[in-house]
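Novice: Could you have a look at this structure, given as structure tokens, before my questions?
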Amino acid sequence: MEVIICPSAERATLLTAQLIADTVRTKPNAVLGLATGRTPEGVYARLAQLHKEAGLDFSKVTTFNLDEYIGIPVSHPQSFRGCMERDLFSKVNIKRENTHLPDGMAHDLDAECVRYEQTIAAAGGIDLQLLGIGLNGHLAFNEPLSSLASRTRTKALTPETRRQNAPVFGSLDDVPTRAMTMGVGTVLESRWAILLATGSSKAEIILKAVEGPMTAVVTASALQMHRKCTVIVDEPAAEWLQMKEYYRWVFANEPEWAPYRELVLAGR
Ligand code: PGA
């Protein structure tokens, strides 16, 4: 795991978008894993801008989203398909048939979960998986105590998660109670995972996920087992980390990050 501490949420967002854009430029048929939530919205805005102004080409890209609510149609503005359509898919030249989310309206939800895993495998697996982190440490909708070996399946959402998501639904009663989500095991198979977290509200959970013990209570801590995981945080989200100076040293000295130092540090 590597941690990149950015001077602002804006720089963290720009860096994340740049890493995704460079992946697509290097491998035009990249398979991207995408996330919803407030945190990645700026990443998608930047990718849309890079498409418009710099010709970033999504025509051969395939995407798989982490999760989808059960029981609301894709036409619902808060369905994750609806969010992706609004924030990214409608703004770049991606082919809709190459964009995948679990079907939360499927008649047979268990069969849909199996089909989703098979579709990921048939695409050759995920090259780069973008992730957020919930205040309770959930990765996708893998709520606390999710098996760290889990695959795509249905999950009940915790009251905390439903409260966190209530503002965009208008009322708590309107927030679905269940979702379909890639499992922790599914996420761990991606070839590269980028976790983006910004703001002081995430400081405590970032400490637990990055420097705490690996535990199913904080499913994001399973990323410590990931073969290549980059955690991108702003200063407020990094506040409680104990080894900040080491992380800064790695970013300043590892050749891999040389092309990105100016982008990050120009924001100081
Ligand atoms: P957020 O959600 O980006 O809206 O904070 C993250 C998550 O719950 O995974």
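Novice: Could you give the length gained by full extension between residue 211 and residue 59, i.e. 0.36 nm per residue of separation minus their alpha carbon distance, to one decimal place?
Specialist: Once the chain is fully extended between residue 211 and residue 59, it gains 50.8 nm.
Novice: Right, another one. Summing Lys, Arg as +1 and Asp, Glu as -1, what charge do residues with Cβ under 12 Å from the Cβ of residue 68 carry, residue 68 excluded? Walk me through the numbers on the way to the answer.
Specialist: Numbers: positive: 81, 155, 178; negative: 67, 103, 112.
Net charge around residue 68: 0.
Novice: Of the cross-linked pairs 95/208; 60/228; 27/52; 52/208, which ones have a Cα-Cα span greater than 31 Å in the structure shown? All intermediate terms of the calculation are to be shown ahead of the outcome.
Specialist: Numbers: 95/208 38 Å; 60/228 24 Å; 27/52 19 Å; 52/208 38 Å.
Flagged as over cut-off: 95/208; 52/208.
Novice: For region 126-268, what are Rg and Dmax over the alpha carbons, in angstrom?
Specialist: Computed over the Cα atoms of region 126-268, radius of gyration and Dmax are 16.1, 50 Å.
Novice: Further, regarding this structure: Counting pairs of alpha carbon atoms under 8 Å apart in space and at least six apart in sequence, what relative contact order in percent does region 63-149 give?
Specialist: Details: 66 pairs, mean separation 23.6, N = 87.
Computed over region 63-149, the figure is 27 percent.
Novice: Then there is this: Where only protein heavy atoms count, and the probe is 1.4 Å, what is the accessible area per residue for the chain in Å²? Walk me through the numbers on the way to the answer.
Specialist: On the way: 11530 Å² over 268 residues.
About 43 Å² of surface per residue is accessible.
Novice: Name the residue, out of 41, 160, 97, whose mean-square fluctuation peaks in a Gaussian network model built on the chain with Cα pairs under 10 Å.
Specialist: Between 41, 160, 97, it is 97 that shows the largest mean-square fluctuation.
Novice: For the chain, what is the relative contact order in percent, using Cα pairs closer than 8 Å and at least 6 residues apart in sequence? Don't skip to the end; give the middle numbers.
Specialist: Values: 535 pairs, mean separation 69.6, N = 268.
Over the chain, the number comes to 26 percent.
Novice: Then there's this: Between residue 173 and residue 145, what is 0.36 nm times their sequence separation minus the Cα-Cα distance? Round to one decimal in nm. Show your work: numbers first, answer last.
Specialist: Values: separation 28, 0.36 × 28 = 10.08 nm, distance 2.44 nm.
Here the answer is 7.6 nm.
Novice: How much of the accessible area of region 182-268, probe 1.4 Å, is carbon plus sulfur, in whole percent? Each step should come with its number before you reach the end.
Specialist: Working: 2280 of 4090 Å².
The nonpolar share, carbon plus sulfur, comes to 56 percent.
Novice: While we're here: Looking at region 62-215, what % of its DSSP beta bridges pair antiparallel, to the nearest 5?
Specialist: Percent antiparallel among DSSP bridges in region 62-215 is about 60.
Novice: Additional query: Count the net charge of all other residues whose Cβ sits under 14 Å from the Cβ of residue 128, scoring Lys and Arg as +1 and Asp and Glu as -1. Spell out each step's value before the answer.
Specialist: Numbers: positive: 25, 27, 191, 227, 228; negative: 22, 127, 189.
Around residue 128, the surrounding residues sum to +2.
Novice: A further question on this structure: Could you calculate the FRET efficiency of residue 243 with residue 29 from 1/(1 + (r/R0)^6), where r is the beta carbon distance between them and R0 is 45 Å, rounded to 0.05? It would help to have the intermediate numbers written out before the result.
Specialist: On the way: r = 37 Å, r/R0 = 0.82.
The pair residue 243/residue 29 has a calculated efficiency of 0.75.
Novice: Please give me the summed charge of the neighbours of residue 167: other residues whose Cβ is under 12 Å from its Cβ, Lys and Arg +1, Asp and Glu -1. Walk me through the numbers on the way to the answer.
Specialist: Details: positive: 38, 162, 163; negative: 174.
Once positives and negatives cancel, what remains is +2.
Novice: Give the Kirkwood hydrodynamic radius (Å, one decimal) of region 1-114, defined as one over the mean of 1/r across all pairs of different Cα atoms.
Specialist: Working: mean 1/r = 0.0665 Å⁻¹.
The answer is 15.0 Å.
Novice: Shifting gears a bit: Using +1 on the beta carbon of Lys and Arg, -1 on that of Asp and Glu, and nothing else charged, what's the dipole of the chain about the Cα centre, debye to 20?
Specialist: Working: 28 positive and 31 negative charges, 65 e Å.
Value, rounded to 20: 320 debye.
Novice: Also: When the Cα centres of region 75-115 and region 195-268 are compared, how far apart do they sit, in Å?
Specialist: Here the two parts' Cα centres lie 29 Å apart.
Novice: Which value, to two decimals, describes the C-alpha radius of gyration of the chain once divided by 2.2 N^0.38 Å?
Specialist: On the way: Rg = 17.5 Å, N = 268, 2.2 N^0.38 = 18.4 Å.
Cα Rg divided by the expected 2.2 N^0.38 Å: 0.95.
Novice: I'd like to know which of 148, 111, 133 lies farthest towards the positive end of the charge dipole of region 54-157, counting +1 on Cβ of Lys and Arg and -1 on Cβ of Asp and Glu.
Specialist: 133
Novice: For region 194-253, what does the alpha-carbon gyration tensor say about shape, rounded, prolate or oblate, given a ≥ b ≥ c as the root eigenvalues, a/c under 1.5 as rounded, and a/b over b/c as prolate? Show your work: numbers first, answer last.
Specialist: Working: a/c = 1.70, a/b = 1.20, b/c = 1.42.
Note, shape of region 194-253 comes out oblate.
Novice: Once every DSSP H run of n ≥ 4 in the chain is given -39500 (n - 2.57) and the sum is divided by its residues, what mean residue ellipticity at 222 nm do you get, rounded to the nearest 500 deg cm²/dmol?
Specialist: Numbers: 10 runs with 101 residues, N = 268.
Mean residue ellipticity, 222 nm, calculated: -11000 deg cm²/dmol.
Novice: Could you tell me the relative contact order of region 21-94? Use alpha-carbon pairs under 8 Å, at least six residues apart, and round to a whole percent. Write down the numbers at each step before the final one.
Specialist: Details: 83 pairs, mean separation 28.4, N = 74.
Rounded, it is 38 percent for region 21-94.
The values are calculated or read from the model by the stated rules, or taken from the named source; none is laboratory data. In this text, all values refer to a predicted model and were calculated from it rather than measured experimentally. When we count neighbours, we look across all protein chains shown, and the Cβ atoms used for this are built from the backbone with ideal geometry, even at glycine. These accessible areas exclude ligands, DNA and RNA; they are computed on the full protein's heavy atoms, side chains included. Shrake-Rupley method; radii C 1.70, N 1.55, O 1.52, S 1.80 Å.
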